[in-house]
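S.K.: Got a structure for you, written out below as structure tokens; questions coming shortly.
All of the numbers you see were taken from the coordinates with simple rules; none came from a lab. These figures come from a predicted structure and were not determined experimentally. Backbone-built Cβ (ideal geometry, glycine too); neighbour counts: all protein chains shown.
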């Protein structure tokens, strides 16, 4: 890639990063995540975007995945109707 294209990508990455920070400060975490990801699409080595994105991903609520052990059981509502 030419130097001018790299400079444009770096500038775009910085702009997305700044917008992401603004969204994060305003409590718009999902929008911030999207903007940090766009920053990284422009410059995959943008360290601050990587760091902030990792923090936001870590803050997301964890949703438990059904285990193979519990997936064979009937839902509680169905169990109660069997009584």
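S.K.: When only Cα pairs under 8 Å and 6 or more residues apart are kept, what is the percent relative contact order across segment 3-61?
M.R.: Normalised by residue count, the contact order of segment 3-61 is 32 percent.
S.K.: Could you calculate the contour length gain from residue 58 to residue 30, that is, 0.36 nm times the residue separation minus the distance between their Cα atoms, to one decimal place in nm?
M.R.: 8.8 nm
S.K.: I've got another one for you. Separation between the residue 48 and residue 21 pseudo-spin-labels, each 7 Å from Cα along Cα→Cβ, expressed in nm?
M.R.: Taking the two extended label points, one gets 0.4 nm.
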